[in-house]
Amino acid sequence: MVFYSVFVLLWIILAALPWLGFSYGVVWIFLLAVSFTLALSYDIVGGYMGYMNLGHSTFFGLGAYTTAILLNQGFNLFTSLLAAFLLAAFFAALISYPLFRLRGAYFALATFGLISLIEVLTVNLRDLTGGSGGISTPPGNHMLPAYYMVLGVAAATMVLSHSVARSKFGLGLFSIREDEEVAQSFGVPTSLYKGLALVISSVPASLVGGIYVWNMTYVSPESVFGLEIALSPIIMAMLGGTGVMIGPLVGAVFITLVQEFLWTKVPYFHLAMYGTVLVLLGLFMPGGIVRTRWVKPFIQRLGLGEAVEYFKNVDAERMS
Amino acid sequence: MSADFIQLLVGGILLGGIYGLAAFGLSITFGVLNVLNLAHGDFLMLGSLLSYGLFVWLGINPFVAAILVIPAFMVLGVGFYLLLLKPIADKPPHQLLVASILVTLGASLFIEDITAYFWERPVTGISYTLPPMEVAGVVISSTRLLVLLFIFALACAMQLYLKKTFVGKSIRAIVQGREGAKVVGIPISRVSALAFSIGMALAASAGAFYVTLFTVTPVMGIPLTIKYLCVVVLGGLGSIVGSVFGGLILGVAETLTAYYCGAEWAPTIAFVLLILILIVRPEGLFGAKK
Amino acid sequence: MSRFLECRKISKVFGGIKALNNVSLSVAPHSIVGVIGPNGAGKTTLFNIISGSLLPSTGEVIFKGKRISGMGPARVCRLGIARTYQLVRPFNSLSAMENVMIGLAFGRAEPVARRARVAEAFKILQMVGLEGKTNHAAEGLTLVEKKHLEIARALATAPQILLLDEVVSGLNPTEITRTVDTIKQIQKRGITIIMVEHILKVVMALCERVVVLNYGVQIAEGTPEQVVLDEAVIEAYIGSFEDAEEKPHA
């Protein structure tokens, strides 16, 4: 319960932000919430199930393009968003069949290739997508409604992620991560669960993609299929700590801060710096920040311990 | 068959040979280290740039360069292995997977970004040509034929090395079973370093040929690595002969797509082939059925 | 009498090597059967075939009148045959409790309801003596605890047959005694046990019938007392006496 109270409190503060005069903060939190949602939804496949889906931003891009195209056709926002997430979910279901025949690093690389495939498609299908120049959507200032919508999607993604982790489905995903062969022998429907996990994780990503493009009123292949947008949610999840909900949040805040204060000062080598972060993470901290010796006790004292090892503590409570 | 088609075929086979050579290197590293090196494509790019530099500044013939880059990249490969891969080599499988993806992907981003900074414009191939030949009414560039010959010779030399020498046998032993190899006293770490550097050198050498025919850009590394994935899966995971054939298939498919559908569609064919083969025959064309 | 579990003329070929050659085995309900034999005799292969993770090259496995070879491990598990692994494979970063819950949630024909799962898992962990470790991650457990956790995970699927693959190898004498007790407890609950084992003392203490494999061939079958006196078995284990005498001269 501590877990929920902390987040409800946080969300109330965030919701009040626009009325307190922090207009710059609103833009910042908007982008942070988009990244956080991407990181958290990535984590259902990458963290819970242990399949590194480097192509998670494909869903973001699909959502963005579908929404943009439909908005330009005169559809209203909600119809466009609905279509966006249905399309992304359908695409996820379709692609899961061949992709999940690969495991481990092969899967990761293939999903990475998926981004470039879709990028090439958007560049080539000029009539539909406007080619490499991208497309603009009907103009207008949507910052405030977009802000609340993204906060809403982020909150919903958290609830989703939390309930997946505590469900039978989540248990199945964990077992796939640990040892897929044994999981299968013990009756876990691995193929079904893998596909389902990909579909579930695609939904929040495509929704924030749609809201993002509605707010920005412009989308191009580079802005939604670029390397940075592909990798930053994954780096956030990995840096914070995968498989626990607090991880992507910590990672998202950390990376967004770095982007805010470092990127504006150093115009070059952004990708090289991401690269260095990845290498250092891989070498020294594969568990992420929340699992390091110094941070873990602190997080637990804050009452977020439930989020670090909720499953285990919940059981202990019920037992006593 | 028209002369055009034969020209296309030759071009495709050539490109395929280059892919096959590089993918062969990737197969070796994956087999020995259990690490899929996502930076592998960047070594082809670096090899291309180096041999381009050798040609432009020192006037060194690309075929000589293809040999010269081998020792250079073997040293680089050992360094890469010691610095980035050896520290994570003994982790349990799931952690090794995550750590290796992070490390090699990070290295790839780093290499590409730094190279792009210093190499702003794409390198548009080496203008090195030999007089063309005419075979049965078809004009064939003798540079291309020579490249093909070179690749074939390198692949054969590699195969011999793996079959005949002690180190080569050790590499094959580790591929077949790491634990078993350890038990019979093969120095895993040293052989791994060597295997990694061989894989890297093959990629770089392939790069030297690549630059004689195609345009090189600093950001082509990751798309190339994805092509190797397609090649390796096409040929069947772990099958060395398979990866050469996989390379040929991809090379020809890409060239034909570029000709008939337009060059902008060529980058999609690798992924489409990958998806097709995963649906139809996931064990690859040359892999053993389970 | 209709057979409970029956392996009919099972052979398994791996790339030209015959790991199993015409092995037949029948198991009566509520019994403990031991499968012994030197390294590479094909014992684990036999287990993999019974549990459905390998297909036999020829022959078939019949369980309660149903042909189970070819069904795949998940269905075999739900039908009531659960196993442990020779080289332990618990779900490492999950707690002992979660490991058992996976068996409860997925391995049964009628899954345990969500509310009852924790209590049921706790009961099973108690049975194997891990009630104090419910919230510990499996990777932090000792070898004997991991082996017991695997037994618990298998028990969670409510098996009728439990396949134990070298559960006592690598354990010290005290731990062996404890594990033997646990196995006896399990059998008392009406679960049939087939065990692959190297340590003959344990086989002698537990099993009613023993099957001996050597190079994939079934060389003896009977009560433990009969089997240890069988000449073919002695030869398989320590070589023939003639060999032993000839060696110094060679």
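The values are calculated or read from the model by the stated rules, or taken from the named source; none is laboratory data. Computed from a prediction, not measured in an experiment: that's the story for all the values here. Every residue, glycine among them, receives a Cβ derived from its backbone with ideal geometry; neighbour counts consider all protein chains shown. Ligands, DNA and RNA are stripped out before the accessible areas are found, and what is left, the full protein with its side chains, is counted by its heavy atoms. Shrake-Rupley method; radii C 1.70, N 1.55, O 1.52, S 1.80 Å.
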Using modelled backbone amide H atoms (1.01 Å from N, in-plane), which distant-in-sequence or interchain residues come within less than 5 Å of A:Tyr218's amide H?
A:Thr137
For peptide C:92-102, compute the average count of partner chain beta-carbon atoms within 10 Å of each residue's beta-carbon.
6
Interface buried area A-B, accessible surface with 1.4 Å probe, both sides summed, nearest 100 Å², comes to 3800 Å²
Local net charge near B:Pro218, Cβ-Cβ under 12 Å (Lys/Arg +1, Asp/Glu -1):
-3
Residue-averaged [θ]222 nm for chain B, counting only DSSP H segments that reach four residues, each worth -39500 (n - 2.57):
-25000 deg cm²/dmol
For segment A:12-22, just list the computed ³J(HN,Hα) in residue order, Karplus coefficients 6.51, -1.76 and 1.60, θ = phi - 60°, integers in Hz, with x standing in for Gly and Pro.
4, 4, 4, 5, 7, 3, x, 7, 9, x, 8
Taking a ≥ b ≥ c as the square roots of the eigenvalues of the Cα gyration tensor, with a/c under 1.5 meaning rounded and otherwise prolate when a/b exceeds b/c and oblate if not, the protein assembly as shown is oblate
If you count, for every residue in A:172-178, the Cβ atoms of partner chains within 10 Å of its Cβ, what is the mean?
5
How do B:104-110, A:278-284 rank on mean C-beta neighbours within 10 Å, highest first?
B:104-110, A:278-284
Helix C:96-106 against the longest principal axis of chain C: what's the angle in degrees, Cα atoms only, rounded to the nearest 10?
90 degrees
Everything considered on the Cα gyration tensor (a ≥ b ≥ c; rounded for a/c under 1.5, else prolate if a/b is larger than b/c, else oblate), segment C:109-213 must be described as oblate
At a Förster radius of 30 Å, what calculated FRET efficiency corresponds to the Cβ-Cβ distance of A:Ala156 and A:Phe75, to the nearest 0.05?
0.85
Tell me which residues come under 5 Å, amide H to amide H, from A:His56 once H is placed; ignore anything under 5 positions away on its chain.
none
Taking B:Lys182, C:Lys201, C:Lys9, B:Lys227 and ranking on accessible area (1.4 Å, protein atoms only), highest first, one gets C:Lys201, C:Lys9, B:Lys182, B:Lys227
In order over segment A:215-224: 3J(HN,Hα) from phi, Karplus 6.51/-1.76/1.60, θ = phi - 60°, whole Hz, x for each Gly or Pro, gives 6, 7, 6, 7, 9, 9, x, 5, 6, 10
Taking θ as phi - 60°, what are the ³J(HN,Hα) couplings along segment C:125-134 by the Karplus curve (6.51, -1.76, 1.60), each to the nearest whole Hz, with x for Gly and Pro?
4, 4, 4, 9, x, 10, 4, x, 10, 3
Out of the total accessible area of the protein assembly as shown (probe 1.4 Å, heavy atoms of protein only), what percent is carbon and sulfur?
64 percent
How would A:Asp179, C:Asp230, B:Asp90, A:Asp127 rank on accessible area, largest to smallest, probe 1.4 Å?
A:Asp127, B:Asp90, C:Asp230, A:Asp179
Expected field for B:Val167, accessible surface area in Å² at 1.4 Å probe radius, rounded to 10, holds 50 Å²
How shielded is A:282-288 by partner chains, expressed as the average number of their Cβ atoms within 10 Å of its Cβ atoms?
6
Rounded to the nearest 5, what is the percent of antiparallel bridges among the DSSP beta bridges in the protein assembly as shown?
60 percent
At a Förster radius of 51 Å, what calculated FRET efficiency corresponds to the Cβ-Cβ distance of A:Leu128 and A:Trp19, to the nearest 0.05?
0.80
Suppose each label sits 7 Å from its Cα in the direction of the beta carbon; what would the C:Thr174-C:Lys18 distance come out to in nanometres?
4.7 nm
Can you sort B:Glu112, C:Glu231 by solvent-accessible area, 1.4 Å probe, largest first?
C:Glu231, B:Glu112
Exactly which GluC sites (Glu not before Pro) in segment B:196-286 are in a DSSP loop and have at most 16 other Cβ atoms within 10 Å?
B:Glu283
Could you give the length gained by full extension between B:Arg121 and B:Val75, i.e. 0.36 nm per residue of separation minus their alpha carbon distance, to one decimal place?
13.8 nm
